[in-house]
Each structure stands twice: as structure tokens, then as C-alpha cells.
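The values are calculated or read from the model by the stated rules, or taken from the named source; none is laboratory data. Just so it is clear, the structure is predicted and the values come from calculations on it, not from any experiment. Because the Cβ atoms are built from the backbone with ideal geometry, glycine has one as well, and the counts that use them run over all protein chains shown. Surface areas here come from the heavy atoms of the whole protein model, side chains and all, with no ligands, DNA or RNA. Shrake-Rupley method; radii C 1.70, N 1.55, O 1.52, S 1.80 Å.
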Amino acid sequence: MPELSETHTRRSAAAPVPSGAPRRGGTARSRLSPSRRRLKLALVTSMVVLGAAGMLFPFLWTLITSLQPNGSGISAPSLVPGTVSGDGYRTLLHALPFTRVAVNSLWLALVSTVVQIVTSSMAAYAFSRLRFCGRGLVFGCYLATMMIPLQVLIVPLFAEMKALNLVDTYAAVLAPTLASGFGVFLLRQAMDGVPRELDEAARLDGAGHLWIFGWVVLPLVRPALATFSVFAFMASWNSFLWPLVIIRSPEFMTLPLALAGLQGQFSTQWNVAMAGSVLGTLPIVILYLFTQKYVVQSVARSGLK
């Protein structure tokens with residue numbers, strides 16, 4: 001009898017728990033009630049809306065201010081303009097050679113972006129796929145350049161451009177932007193995620209490094225290339241300090257320099273300055289709209305890793 005009772009106790013202990021009964025440490029207690037889920041969703045949505053409103057408010061205020069006559073209403077931000085006028089944009093187009101400076105900034109930004117993509121992608125492929133002595137040390141030096149601010153390099157860069165007789169030229173503006181440590185780092189991380197079996201399959205077909213780089217690796221890192229192109233274009237388009245130091249002639253002036261000249265010593269026509277800011281922001285917005293899909297894919301892939 002003791003043996004039977006012991007066996008019955010073991011069987012009852014091993015019996016499965018009914019599906020409807022809450023288990024110890026299970027999900028029944030951790031589930032939120034519908035009212036709490038709605039409250040949590042409302043709080044998260046409110047935080048997102050407030051954050052988006054805080055980020056969009058300066059841009060919206062800039063647009064509204066550019067449409068006000070004679071810069072009225074600048075003392076306090078107003079989202080409801082009393083009178084809408086295009087005087088700021090008309091004055092901007094007559095006050096400075098806007099087309100000239102916009103074309104200067106546009107082609108400099110495009111050339112800088114294309115050259116950085118070429119040099120950074122080739123260097124990233126070398127660090128990702130090639131094996132050579134001191135690879136880690138050289139890559140560390142590339143990363144170290146990201147920690148040095150441009151203000152520290154202004155004097156040696158200017159001395160170098162002066163020694164090369166490139167002061168007040170387009171080449172001097174482009175020279176410091178021909179390579180990017182950030183681009184090498186970003187693209188190398190993306191290329192490390194490309195399976196190396198694809199390289200081996202291409203080598204079996206007789207492909208070399210140049211063919212693998214252009215037809216195997218680059219098409220698979222298009223999201224990273226698009227993301228880096230946005231950052232490179234934005235950095236070149238908004239560059240102010242280096243063009244201010246190296247440019248002397250008005251015909252070489254870029255858009256940020258021209259917009260800075262609109263601010264007077266004692267008074268400023270804020271509707272004109274805001275109109276210039278709106279027009280200066282449009283190319284970056286357009287570029288991001290075209291590359292938004294690839295930027296989101298790049299962020300998603302980096303998060304999955």
C-alpha cells in the first residue's frame with residue numbers, strides 16, 4: 001500500500017496543468033488589461049507627437065516667417081501669419097546672385113559626394129576583403145581622424161593650399177572632402193555583412209577583385225551607400241567655416257556664405273534671411289525623399305546585426 005500511494009503521488013505530480021489554469025511565472029499575470037494597453041498606447045503616441053512637433057516647429061516657423069512682409073512678427077514665434085507675402089523671396093533673388101551661389105554649392109556638393117563615395121567604398125572593400133600587414137592599425141588611424149575637429153586643421157590646411165597655389169579656387173574647397181573616415185567605417189561595416197561565399201563563387205568564374213567589388217559587393221550595400229551619400233551631400237552643402245577661410249572672390253561664393261552676408265550689423269531683414277534658409281533646405285529634403293527607402297533599410301539592417 002505505501003508503494004501504491006507513492007506511485008499515485010508521483011503520477012498526480014506529473015499530471016499536466018489544464019490549459020485554462022494560470023501557471024506560476026507564466027504570461028497570465030504579465031498580460032496587460034485592455035484599458036492599460038490603451039493607456040500605454042496613448043502615452044507612447046503623445047510622446048511621439050510632442051517630439052515630432054518640437055522638431056518640426058523651427059522649420060514651420062522659418063517657412064511662415066519667410067512669407068511675412070518686411071519681417072513682421074519676428075519678436076515672437078507665430079504659426080498663424082497675419083499677411084502672406086512673397087517679398088522676402090523677391091528681395092532675396094535681387095539682393096544677391098542667388099542662382100550663381102546655388103549652382104556653386106550644388107556642383108561642389110555633388111562632386112564632393114561622388115568622390116567620397118568612390119574613395120570610401122574602395123578603401124572599405126580593401127579593409128573588408130583584403131588581408132595585409134597592419135590592416136587593423138591603418139583602419140584605427142582612419143577612425144582616429146573622426147575624432148579631430150575641423151577647427152584644429154584649419155591652419156595647416158590653409159598653409160597647404162597656399163603652398164600649392166590653390167587659395168580662392170574650387171579645388172581648395174574640394175580638397176579636404178575627397179576622403180572620409182566616417183564613410184570608410186560605415187561602408188566597411190556594411191561590406192562585412194556580405195557573405196564571403198559570393199566572393200568565392202565569383203573567383204571560381206574567374207573574377208578578380210575589381211569585378212567582385214563592382215558587381216557583387218556594391219549592389220548589396222546600396223542602403224549604406226545611399227545613407228552615406230545623404231550625409232556627405234549635407235555636410236558639403238552646409239559647409240561654412242572652410243569656404244569662409246579659403247574663398248576670396250564673390251564668383252566662388254557658396255550659399256551658406258551668401259546667406260550669412262544677409263545679416264546686417266545693426267538690423268536684419270528676417271523674412272529675406274528665412275527665405276534663403278527655406279531655399280537652402282530644399283535640396284537636402286529632395287535628396288532625402290529619393291533615398292529614404294535605402295536609409296531606412298540601412299538602419300534596419302544595422303539594428304538586426
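For the ranges 200-209, 271-280, what's the packing order if you count other beta-carbon atoms within 10 Å of each residue, average per peptide, and put the highest first? Numbers along the way, then the final one.
Numbers: 200-209: 11.5, 271-280: 22.5.
The packing order, highest mean first, is 271-280, 200-209.
Placing dummy labels 7 Å off each Cα toward the beta-carbon, the span from SER46 to ASN165 is 6.9 nm. When each of the peptides 129-139, 109-119 is scored by the mean number of other C-beta atoms lying within 10 Å of its residues, the order from highest to lowest reads 109-119, 129-139. Rolling a 1.4 Å probe over the heavy atoms of the protein chains gives the stretch 104-160 an accessible area of 56 Å² per residue. For the peptides 221-233, 162-174, 44-56, the ranking by packing is 221-233, 162-174, 44-56, with the highest mean count of neighbouring Cβ atoms within 10 Å listed first.
How much area per residue is accessible in the stretch 163-305 when the probe is 1.4 Å and only protein heavy atoms are counted (Å²)?
55
Hey, any idea what % of the stretch 193-305's accessible area is carbon plus sulfur with a 1.4 Å probe? Show your work: numbers first, answer last.
Values: 4290 of 6570 Å².
In the stretch 193-305, the share of accessible area belonging to carbon and sulfur is 65 percent.
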